[in-house]
1. Can you name the helices (runs of 4 or more DSSP H) wholly within segment 1-83 that have at least 2 residues being within 23 Å of the chain's Cα centre (by Cα), farther than 19 Å from residue 147 by Cβ and assigned by TED's automatic domain parsing to the domain that holds residue 121?
2. Given the criteria under 27 Å from residue 149 (Cα atoms) and surrounded by fewer than 18 Cβ atoms within 10 Å (Cβ to Cβ), does residue 269 qualify?
3. If you check 139, 121, which single one turns out to be within 27 Å of residue 299 (Cα to Cα) and either surrounded by fewer than 21 Cβ atoms within 10 Å (Cβ to Cβ) or not assigned by TED's automatic domain parsing to the domain that holds residue 333 (or both)?
4. Could you count how many residues in segment 335-362 are part of a loop (DSSP other than H, G, I, E, B) and either touching a strand residue (DSSP E or B) at 6+ places or on another chain (Cβ under 8 Å) or under 17 Å from residue 250 (Cα atoms) (or both)?
5. Just checking, how many residues over segment 247-290 are assigned to a loop (DSSP other than H, G, I, E, B) and within 23 Å of the chain's Cα centre (by Cα)?
6. I want to confirm something. Restricting to segment 55-75 and keeping residues that are touching a helix residue (DSSP H, G or I) at 6+ places or on another chain (Cβ under 6 Å) and modelled with pLDDT under 90, which single residue is surrounded by the fewest Cβ atoms within 10 Å (Cβ to Cβ)?
7. Could you give me the residue pairs with C-beta distances under 9 Å whose first residue belongs to segment 161-186 and is assigned by TED's automatic domain parsing to the domain that holds residue 227 and touching a residue at least 60 places away in the same chain (Cβ under 8 Å), whose second residue is assigned to a helix (DSSP H, G or I) and surrounded by fewer than 21 Cβ atoms within 10 Å (Cβ to Cβ) wherever it lies, and which are 6+ apart or on separate chains?
8. From the residues in segment 97-108 that are loosely packed, with under 14 Cβ neighbours inside 10 Å and at pLDDT 80 or above, which one is farthest from residue 12 (Cα to Cα)?
(Lines give C-alpha, C1' and ligand atoms only; values in the text may rest on other atoms or scores of the structure.)
Protein backbone atom coordinates (compact mmCIF):
# COMPACT_ATOMS: atom_id res chain seq x y z
CA UNK A 1 0.00 0.00 0.00
CA UNK A 2 1.49 3.35 -1.08
CA UNK A 3 1.21 6.42 1.13
CA UNK A 4 -1.23 9.09 0.02
CA UNK A 5 1.30 11.75 -0.89
CA UNK A 6 -1.31 14.05 -2.41
CA UNK A 7 -3.22 14.11 0.89
CA UNK A 8 -0.04 14.90 2.82
CA UNK A 9 0.85 17.75 0.47
CA UNK A 10 -2.70 19.10 0.60
CA UNK A 11 -2.70 19.01 4.39
CA UNK A 12 0.58 20.94 4.58
CA UNK A 13 -0.57 23.40 1.91
CA UNK A 14 -3.77 24.09 3.84
CA UNK A 15 -1.85 24.76 7.05
CA UNK A 16 0.57 27.08 5.27
CA UNK A 17 -2.26 29.03 3.68
CA UNK A 18 -4.16 29.34 6.97
CA UNK A 19 -1.12 30.87 8.70
CA UNK A 20 -0.27 33.34 5.96
CA UNK A 21 2.80 31.71 4.45
CA UNK A 22 3.77 32.24 0.83
CA UNK A 23 4.88 28.64 0.93
CA UNK A 24 7.50 26.31 2.36
CA UNK A 25 10.88 24.93 1.33
CA UNK A 26 11.45 21.40 2.65
CA UNK A 27 15.01 20.09 2.49
CA UNK A 28 15.47 17.31 5.09
CA UNK A 29 15.67 13.75 3.78
CA UNK A 30 12.96 12.42 6.09
CA UNK A 31 10.42 15.11 5.22
CA UNK A 32 11.17 14.84 1.50
CA UNK A 33 10.39 11.14 1.67
CA UNK A 34 7.27 11.72 3.77
CA UNK A 35 5.81 14.31 1.40
CA UNK A 36 6.94 13.01 -2.01
CA UNK A 37 8.38 9.50 -1.71
CA UNK A 38 11.84 10.72 -2.73
CA UNK A 39 14.16 8.53 -0.65
CA UNK A 40 17.63 9.45 -1.77
CA UNK A 41 19.80 10.95 0.95
CA UNK A 42 20.54 14.66 0.68
CA UNK A 43 24.28 15.31 0.79
CA UNK A 44 26.34 18.25 -0.47
CA UNK A 45 24.09 18.95 -3.45
CA UNK A 46 20.88 20.93 -2.97
CA UNK A 47 17.57 19.06 -3.02
CA UNK A 48 14.30 20.56 -1.88
CA UNK A 49 10.54 20.60 -2.20
CA UNK A 50 8.99 24.01 -2.96
CA UNK A 51 5.32 24.02 -1.95
CA UNK A 52 3.39 27.26 -2.44
CA UNK A 53 0.41 28.19 -0.32
CA UNK A 54 -1.59 27.88 -3.53
CA UNK A 55 -0.67 24.22 -3.80
CA UNK A 56 2.01 24.27 -6.53
CA UNK A 57 4.67 21.66 -5.69
CA UNK A 58 8.09 21.40 -7.31
CA UNK A 59 10.89 19.04 -6.33
CA UNK A 60 14.40 20.29 -7.20
CA UNK A 61 17.08 17.58 -7.36
CA UNK A 62 20.55 17.09 -8.86
CA UNK A 63 20.52 15.55 -12.35
CA UNK A 64 22.03 12.33 -10.98
CA UNK A 65 18.92 11.93 -8.79
CA UNK A 66 16.33 12.86 -11.42
CA UNK A 67 15.29 9.37 -12.49
CA UNK A 68 15.02 8.24 -8.90
CA UNK A 69 12.89 11.28 -8.06
CA UNK A 70 10.59 10.79 -11.06
CA UNK A 71 10.18 7.14 -10.14
CA UNK A 72 9.56 7.74 -6.44
CA UNK A 73 7.42 10.84 -6.32
CA UNK A 74 3.77 10.84 -7.28
CA UNK A 75 2.33 14.34 -7.11
CA UNK A 76 5.03 16.94 -7.79
CA UNK A 77 6.84 18.45 -10.75
CA UNK A 78 10.50 17.37 -10.83
CA UNK A 79 13.19 19.75 -12.11
CA UNK A 80 16.89 18.94 -12.09
CA UNK A 81 20.23 20.67 -12.51
CA UNK A 82 23.72 19.62 -13.52
CA UNK A 83 26.73 20.20 -11.29
CA UNK A 84 28.26 22.77 -13.64
CA UNK A 85 25.01 24.80 -13.62
CA UNK A 86 24.13 24.67 -9.95
CA UNK A 87 20.58 24.80 -8.61
CA UNK A 88 20.01 28.56 -8.98
CA UNK A 89 17.90 28.48 -12.16
CA UNK A 90 15.73 25.65 -10.79
CA UNK A 91 15.20 27.54 -7.54
CA UNK A 92 14.14 30.68 -9.43
CA UNK A 93 11.65 28.64 -11.45
CA UNK A 94 10.31 26.92 -8.34
CA UNK A 95 9.75 30.18 -6.48
CA UNK A 96 7.70 31.83 -9.25
CA UNK A 97 4.43 30.87 -7.60
CA UNK A 98 5.55 32.34 -4.27
CA UNK A 99 5.94 35.94 -5.36
CA UNK A 100 9.05 37.99 -4.70
CA UNK A 101 8.25 38.67 -1.07
CA UNK A 102 6.57 36.89 1.79
CA UNK A 103 7.10 34.41 4.61
CA UNK A 104 8.62 31.06 3.73
CA UNK A 105 8.36 28.09 6.04
CA UNK A 106 11.61 26.19 6.63
CA UNK A 107 12.75 23.40 8.94
CA UNK A 108 15.00 23.80 11.97
CA UNK A 109 17.72 21.98 10.00
CA UNK A 110 17.57 24.49 7.11
CA UNK A 111 21.15 25.22 6.02
CA UNK A 112 22.69 28.69 5.73
CA UNK A 113 23.84 27.68 2.23
CA UNK A 114 20.21 27.18 1.19
CA UNK A 115 19.13 30.42 2.88
CA UNK A 116 21.68 32.35 0.78
CA UNK A 117 20.47 30.64 -2.39
CA UNK A 118 16.82 31.53 -1.82
CA UNK A 119 17.53 35.06 -0.61
CA UNK A 120 19.27 35.72 -3.92
CA UNK A 121 15.92 35.22 -5.68
CA UNK A 122 13.61 37.40 -3.59
CA UNK A 123 13.11 39.25 -0.32
CA UNK A 124 11.75 36.60 1.98
CA UNK A 125 11.48 36.22 5.69
CA UNK A 126 11.69 32.76 7.22
CA UNK A 127 9.70 30.98 9.89
CA UNK A 128 10.25 27.54 11.38
CA UNK A 129 7.56 25.02 10.36
CA UNK A 130 9.26 21.97 11.89
CA UNK A 131 6.51 21.59 14.48
CA UNK A 132 3.91 21.58 11.70
CA UNK A 133 5.70 18.76 9.89
CA UNK A 134 6.52 16.91 13.11
CA UNK A 135 2.85 16.95 14.06
CA UNK A 136 1.89 15.42 10.74
CA UNK A 137 4.51 12.70 10.95
CA UNK A 138 3.87 11.86 14.61
CA UNK A 139 0.65 10.01 13.77
CA UNK A 140 1.40 7.03 11.54
CA UNK A 141 -0.92 5.62 8.92
CA UNK A 142 -1.48 1.89 8.54
CA UNK A 143 1.09 1.62 5.74
CA UNK A 144 3.73 3.27 7.94
CA UNK A 145 3.00 1.02 10.91
CA UNK A 146 3.23 -2.03 8.63
CA UNK A 147 6.76 -1.01 7.61
CA UNK A 148 7.83 -0.41 11.21
CA UNK A 149 6.46 -3.85 12.10
CA UNK A 150 8.51 -5.44 9.33
CA UNK A 151 11.61 -3.68 10.65
CA UNK A 152 10.79 -4.93 14.15
CA UNK A 153 10.38 -8.51 12.93
CA UNK A 154 13.79 -8.45 11.21
CA UNK A 155 15.42 -7.00 14.31
CA UNK A 156 13.67 -9.41 16.68
CA UNK A 157 14.80 -12.40 14.65
CA UNK A 158 18.36 -11.18 14.54
CA UNK A 159 18.35 -10.68 18.29
CA UNK A 160 17.01 -14.19 18.79
CA UNK A 161 19.73 -15.63 16.55
CA UNK A 162 22.36 -13.83 18.59
CA UNK A 163 21.51 -15.88 21.67
CA UNK A 164 23.04 -18.97 20.07
CA UNK A 165 26.05 -17.09 18.74
CA UNK A 166 27.26 -15.02 21.68
CA UNK A 167 29.96 -16.68 23.74
CA UNK A 168 32.58 -15.75 26.30
CA UNK A 169 35.67 -14.18 24.75
CA UNK A 170 33.87 -12.47 21.85
CA UNK A 171 34.54 -8.76 21.48
CA UNK A 172 31.72 -6.23 21.38
CA UNK A 173 32.70 -5.43 17.79
CA UNK A 174 32.41 -9.09 16.78
CA UNK A 175 29.00 -9.36 18.42
CA UNK A 176 27.84 -6.24 16.58
CA UNK A 177 28.98 -7.70 13.27
CA UNK A 178 27.04 -10.92 13.94
CA UNK A 179 23.79 -9.18 14.87
CA UNK A 180 23.93 -6.85 11.87
CA UNK A 181 24.47 -9.76 9.49
CA UNK A 182 21.54 -11.68 10.97
CA UNK A 183 19.16 -8.72 10.82
CA UNK A 184 19.99 -8.13 7.16
CA UNK A 185 19.36 -11.81 6.43
CA UNK A 186 15.92 -11.47 8.01
CA UNK A 187 14.88 -8.54 5.83
CA UNK A 188 16.48 -5.42 7.26
CA UNK A 189 17.58 -3.03 4.51
CA UNK A 190 20.07 -0.96 6.50
CA UNK A 191 21.39 -0.83 10.06
CA UNK A 192 21.58 2.83 11.16
CA UNK A 193 23.04 1.96 14.58
CA UNK A 194 24.16 -1.04 16.61
CA UNK A 195 25.30 -0.63 20.21
CA UNK A 196 26.84 -3.59 22.04
CA UNK A 197 27.84 -2.76 25.62
CA UNK A 198 29.25 -5.36 28.01
CA UNK A 199 30.03 -5.24 31.72
CA UNK A 200 30.97 -1.71 32.86
CA UNK A 201 30.58 -0.40 29.30
CA UNK A 202 26.83 -0.97 29.63
CA UNK A 203 26.76 1.79 32.23
CA UNK A 204 27.35 4.30 29.39
CA UNK A 205 24.05 4.35 27.43
CA UNK A 206 25.46 5.42 24.04
CA UNK A 207 28.82 3.66 24.24
CA UNK A 208 29.94 2.35 20.84
CA UNK A 209 31.08 -1.29 20.51
CA UNK A 210 34.75 -1.72 21.36
CA UNK A 211 37.41 -4.39 21.74
CA UNK A 212 36.36 -5.49 25.21
CA UNK A 213 35.78 -9.25 25.43
CA UNK A 214 32.67 -10.46 27.21
CA UNK A 215 33.21 -12.63 30.27
CA UNK A 216 31.06 -14.73 32.56
CA UNK A 217 29.05 -12.59 34.92
CA UNK A 218 28.55 -9.87 32.31
CA UNK A 219 25.30 -8.24 31.40
CA UNK A 220 25.52 -7.39 27.69
CA UNK A 221 23.15 -4.70 26.40
CA UNK A 222 22.40 -4.77 22.66
CA UNK A 223 20.58 -1.75 21.24
CA UNK A 224 19.95 -2.06 17.51
CA UNK A 225 17.48 -1.18 14.77
CA UNK A 226 17.04 -1.52 11.04
CA UNK A 227 15.08 0.15 8.27
CA UNK A 228 12.46 -1.16 5.86
CA UNK A 229 11.55 1.32 3.09
CA UNK A 230 13.03 4.05 5.25
CA UNK A 231 11.07 3.23 8.43
CA UNK A 232 12.97 2.30 11.59
CA UNK A 233 12.86 -0.17 14.42
CA UNK A 234 14.72 0.40 17.71
CA UNK A 235 14.96 -2.49 20.17
CA UNK A 236 17.21 -3.11 23.18
CA UNK A 237 17.74 -6.50 24.77
CA UNK A 238 19.83 -7.86 27.63
CA UNK A 239 22.03 -10.96 27.39
CA UNK A 240 23.26 -12.60 30.58
CA UNK A 241 26.46 -14.63 30.58
CA UNK A 242 26.45 -16.95 33.57
CA UNK A 243 24.59 -16.19 36.79
CA UNK A 244 23.37 -12.80 37.87
CA UNK A 245 24.61 -11.24 41.08
CA UNK A 246 22.02 -10.16 43.63
CA UNK A 247 22.49 -6.52 42.58
CA UNK A 248 22.26 -7.30 38.87
CA UNK A 249 19.05 -9.23 39.43
CA UNK A 250 17.54 -6.43 41.50
CA UNK A 251 18.30 -3.83 38.81
CA UNK A 252 17.07 -6.05 35.99
CA UNK A 253 13.76 -6.71 37.74
CA UNK A 254 13.31 -3.00 38.45
CA UNK A 255 13.83 -2.11 34.78
CA UNK A 256 11.52 -4.86 33.56
CA UNK A 257 8.81 -3.78 35.99
CA UNK A 258 9.27 -0.13 35.07
CA UNK A 259 8.78 -0.93 31.40
CA UNK A 260 5.67 -3.03 32.14
CA UNK A 261 4.13 -0.20 34.14
CA UNK A 262 4.97 2.41 31.50
CA UNK A 263 3.43 0.34 28.69
CA UNK A 264 0.32 -0.30 30.80
CA UNK A 265 -0.59 3.41 30.92
CA UNK A 266 -0.15 4.07 27.20
CA UNK A 267 -3.51 5.01 25.68
CA UNK A 268 -5.12 7.58 23.46
CA UNK A 269 -5.68 10.87 25.30
CA UNK A 270 -3.08 10.24 28.01
CA UNK A 271 -0.26 12.72 28.51
CA UNK A 272 3.18 11.62 27.33
CA UNK A 273 4.66 12.54 30.70
CA UNK A 274 2.41 10.03 32.45
CA UNK A 275 4.23 7.22 30.64
CA UNK A 276 7.57 8.61 31.81
CA UNK A 277 6.30 8.98 35.37
CA UNK A 278 5.04 5.39 35.47
CA UNK A 279 8.51 4.06 34.63
CA UNK A 280 10.34 6.51 36.88
CA UNK A 281 8.14 5.76 39.89
CA UNK A 282 9.06 2.07 39.82
CA UNK A 283 12.78 2.74 39.48
CA UNK A 284 12.68 5.35 42.26
CA UNK A 285 10.97 2.87 44.57
CA UNK A 286 13.78 0.39 43.86
CA UNK A 287 16.30 3.06 44.88
CA UNK A 288 17.81 3.80 41.48
CA UNK A 289 16.13 7.07 40.48
CA UNK A 290 19.50 8.87 40.23
CA UNK A 291 20.67 6.16 37.83
CA UNK A 292 17.80 6.58 35.35
CA UNK A 293 19.39 9.40 33.38
CA UNK A 294 17.37 9.72 30.17
CA UNK A 295 13.77 10.05 28.98
CA UNK A 296 11.58 6.97 28.83
CA UNK A 297 11.13 7.04 25.06
CA UNK A 298 11.08 8.82 21.73
CA UNK A 299 9.00 8.72 18.58
CA UNK A 300 9.97 6.34 15.80
CA UNK A 301 9.36 6.43 12.07
CA UNK A 302 11.39 7.81 9.17
CA UNK A 303 13.89 8.91 11.80
CA UNK A 304 15.08 6.97 14.82
CA UNK A 305 14.34 9.95 17.07
CA UNK A 306 11.27 12.06 16.30
CA UNK A 307 8.04 13.23 17.92
CA UNK A 308 6.59 12.42 20.40
CA UNK A 309 9.25 12.47 23.11
CA UNK A 310 8.30 10.62 26.29
CA UNK A 311 9.72 12.66 29.16
CA UNK A 312 8.52 14.23 32.38
CA UNK A 313 7.83 17.70 30.94
CA UNK A 314 5.82 16.70 27.88
CA UNK A 315 2.10 17.23 28.49
CA UNK A 316 1.23 16.42 24.86
CA UNK A 317 -1.74 14.09 24.54
CA UNK A 318 -1.03 10.74 22.93
CA UNK A 319 -2.98 10.10 19.75
CA UNK A 320 -3.97 6.90 18.03
CA UNK A 321 -1.27 5.98 15.52
CA UNK A 322 1.66 7.46 17.42
CA UNK A 323 4.64 5.08 17.57
CA UNK A 324 7.41 5.45 20.14
CA UNK A 325 9.93 3.51 22.19
CA UNK A 326 9.53 2.60 25.85
CA UNK A 327 13.04 2.16 27.23
CA UNK A 328 13.73 2.69 30.94
CA UNK A 329 17.27 2.04 32.09
CA UNK A 330 19.52 1.98 35.14
CA UNK A 331 23.25 2.67 34.91
CA UNK A 332 25.73 1.99 37.71
CA UNK A 333 29.00 3.67 36.77
CA UNK A 334 31.97 1.31 36.63
CA UNK A 335 29.79 -1.75 37.22
CA UNK A 336 27.01 -2.45 34.71
CA UNK A 337 23.86 -1.09 33.12
CA UNK A 338 20.45 -2.40 32.10
CA UNK A 339 18.06 -1.05 29.48
CA UNK A 340 15.03 -2.77 27.94
CA UNK A 341 13.42 -1.17 24.91
CA UNK A 342 10.34 -1.98 22.84
CA UNK A 343 8.45 -0.13 20.13
CA UNK A 344 4.81 0.64 20.88
CA UNK A 345 1.86 2.01 18.94
CA UNK A 346 -1.01 3.92 20.51
CA UNK A 347 -4.32 2.32 19.60
CA UNK A 348 -7.93 3.33 20.23
CA UNK A 349 -8.06 0.87 23.12
CA UNK A 350 -4.58 1.27 24.57
CA UNK A 351 -1.27 0.06 23.21
CA UNK A 352 0.14 -2.44 20.73
CA UNK A 353 3.74 -3.53 21.28
CA UNK A 354 5.30 -3.98 17.85
CA UNK A 355 8.49 -5.77 18.96
CA UNK A 356 8.17 -9.29 20.29
CA UNK A 357 11.47 -11.01 21.10
CA UNK A 358 12.36 -12.08 24.64
CA UNK A 359 13.51 -9.15 26.72
CA UNK A 360 16.28 -11.10 28.44
CA UNK A 361 18.42 -13.89 26.93
CA UNK A 362 20.43 -16.13 29.21
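1. Qualifying helices (runs of 4 or more DSSP H): 5-18.
2. Considered against the rule, which asks whether it is under 27 Å from residue 149 (Cα atoms) and surrounded by fewer than 18 Cβ atoms within 10 Å (Cβ to Cβ), residue 269 comes out as yes.
3. So the residue among 139, 121 that is within 27 Å of residue 299 (Cα to Cα) and either surrounded by fewer than 21 Cβ atoms within 10 Å (Cβ to Cβ) or not assigned by TED's automatic domain parsing to the domain that holds residue 333 (or both) is 139.
4. So the first thing to find is which residues in segment 335-362 are part of a loop (DSSP other than H, G, I, E, B), and the list is 335, 340, 348-349, 354-359, 362.
Then drop every residue that is not either touching a strand residue (DSSP E or B) at 6+ places or on another chain (Cβ under 8 Å) or under 17 Å from residue 250 (Cα atoms) (or both), which leaves 335, 340, 354-355, 357-359, 362.
Counting residues in segment 335-362 that are part of a loop (DSSP other than H, G, I, E, B) and either touching a strand residue (DSSP E or B) at 6+ places or on another chain (Cβ under 8 Å) or under 17 Å from residue 250 (Cα atoms) (or both) gives 8.
5. Within segment 247-290, residues that are assigned to a loop (DSSP other than H, G, I, E, B) and within 23 Å of the chain's Cα centre (by Cα) number 6.
6. By that ranking, first place goes to 74.
7. 162/178; 162/182; 166/178
8. Checking each candidate, the answer is 101.
The values are calculated or read from the model by the stated rules, or taken from the named source; none is laboratory data. The structure displayed is predicted, hence computed values, not measured ones. Every residue, glycine among them, receives a Cβ derived from its backbone with ideal geometry; neighbour counts consider all protein chains shown.
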